[in-house]
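The values are calculated or read from the model by the stated rules, or taken from the named source; none is laboratory data. Bear in mind the structure is a predicted one, so any value in this text is a computation, not a measurement. Neighbour counts run over all protein chains shown; Cβ positions are idealised from the backbone, glycine included. To get the accessible areas, we keep the full protein, side chains included, count just its heavy atoms, and leave off ligands, DNA and RNA. Shrake-Rupley method; radii C 1.70, N 1.55, O 1.52, S 1.80 Å.
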Amino acid sequence: YDDDFRYLECNWVDFSFDRANKGIEGLTYVHRHGEDYVLGMCEGNKCKGGKAGRKPGGGRIQLFQKGEGQWDHVGTLKLPKAVQFQDYACLNVDGNRIAVVSQMSSALWVGELREEAWDFVDEGTVYHFPRDEHDEIVYCNVEGVAWTAPNQVVVVSDRRKPGEQPDRCCEKDQSIHLFNIPEPDSKP
């Protein structure tokens, strides 16, 4: 689609997953070094479903470059070991800044891409969304993230899963949240 949301074209993404309904959970488009790319955040760790996909420490971003009639898989970015999320819900790139959110871990990772390569500058920083007075998760259904300013992200939440999630999850569900990212020298 163009800037006015007029349809331009569609193309397949050249990548397979080990099971249905556990695949790419978030996509972001990046124009870099004169080329078009799509970055796809795998929902499960190491792009796996089931129990194997919930083992923290295997976040993967699939890198696709625009090809002839499809997006060609050209690489995989491994999130730094400091990112110990149980799942991944979305990612967003603005310049060299990258943000990744996890629904189950109720957390945000902020990192920086190297200018010259598809790699990360360092471990980045993990931020946990605010908890309640008992240190329990209240941002239970974080589903999307986007940069709004150099030090601010907008996060959206899905609906609470009745019967599966506690009532405390209702307060922040189906809503939009703005978060300021602390300066690098301040404590998260």
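Remark: pairs (first residue in the stretch 54-75, more than 30 Å from Met104 (Cβ to Cβ) and open to solvent by 20 Å² or more (accessible area, probe 1.4 Å); second residue among the aliphatic types (A, V, I, L, M) and assigned to a strand (DSSP E or B); Cβ separation under 6 Å; 6+ apart in sequence or on different chains) = Gln65/Val74.
Residues satisfying the criterion are absent from the stretch 14-25 (criterion: farther than 21 Å from Val142 by Cβ, of a type in the set (D, E, K, R), within 13 Å of the chain's Cα centre (by Cα) and assigned to a strand (DSSP E or B)).
Every test in (1) loosely packed, with under 14 Cβ neighbours inside 10 Å; (2) more than 23 Å from Gly50 (Cβ to Cβ); (3) acidic (Asp, Glu) is passed by Asp173 save one, and that test is (1). For the stretch 88-139, the candidate set comprises residues that are closer than 16 Å to Gly40 by Cα and acidic (Asp, Glu); within that set, the residue that is farthest from the chain's Cα centre (by Cα) is Asp119. Across the stretch 155-166, not a single residue is classified as within 25 Å of His33 (Cα to Cα), part of a loop (DSSP other than H, G, I, E, B) and touching a strand residue (DSSP E or B) at 6+ places or on another chain (Cβ under 9 Å).
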